[in-house]
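Read through the structure below, which is laid out as structure tokens, and then see the notes.
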Amino acid sequence: MLTGERQGLVIRETTLRKKPREASTVMAVAPAEAVLKLDNCEDSYCRVESRDGHRGYIRRSVIWGASPFR
């Protein structure tokens, strides 16, 4: 079933951060192969939400599906 939500697949374990920068507080760890809801991507970070409600920013380079639609 299509939901209209944009999702991405984490390609290697990474951290969700409070703000879109490396020095920001770690909010959670996303394991490889986790599916995350993509909210917005700008520059090198995407705002995401996990299925269990963790929200934060993840580097665009570690999530498959974060490329712009064409």
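Here, each number is a calculation from the coordinates, and none is a lab measurement. All figures in this text were calculated on a predicted structure; none of them were measured in a lab. Cβ sites come from the backbone with ideal geometry, for glycine too, and all protein chains shown count toward neighbours.
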GNM flexibility winner over the chain from Arg59, Arg12, Arg51 (Cα, springs under 10 Å): Arg51
Two-site FRET efficiency, Val29 against Glu5, from Cβ-Cβ distance with R₀ of 22 Å, rounded to 0.05: 0.50
Separation of the Asp43 and Arg12 label points, Cα + 7 Å toward Cβ, nm: 2.2 nm
Highest-first arrangement of 21-27, 52-58, where packing means the average Cβ count within 10 Å: 52-58, 21-27
Inter-label distance, nm, simple model (7 Å from Cα along the C-beta direction), Arg51/Lys19: 3.2 nm
